[in-house]
Amino acid sequence: MSDALNGIAWADDKQLRKIVLERCEPDEKGARVEVEIEYIAAAPSLPDGVAA
C-alpha cells in the first residue's frame, strides 16, 4: 500500500515512521480504504558517532 502512494501522499515511503493498519468489515458506506496522514516532526539530529 505505501508504495502506491509514493509521489502522491509522500515523496517516498522511506519517509514513513509509523504505520497503523486496521481491518474492518464493510459498513453502510461499503468496502473502502481510508488513509489518514499525520505529520510528525523530524527527530533532532544526533552528533556524529552517536547511535540512536
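If you go through region 34-49 and keep only what is in contact (Cβ under 8 Å) with a residue 12 or more places away in the chain and under 19 Å from residue 3 (Cα atoms), you end up with 35, 37.
Whenever a residue of region 1-20 is at negative phi and surrounded by 10 or more Cβ atoms within 10 Å (Cβ to Cβ), its partners that are among the acidic types (Asp, Glu) and assigned to a loop (DSSP other than H, G, I, E, B), lying with C-beta atoms within less than 7 angstrom and at least six residues away or across chains, give the pairs 6/12.
Read-outs: derived from the displayed coordinates by stated rules, not from any lab. Because the structure is a prediction, the values reported are computed rather than measured. Every residue, glycine among them, receives a Cβ derived from its backbone with ideal geometry; neighbour counts consider all protein chains shown.
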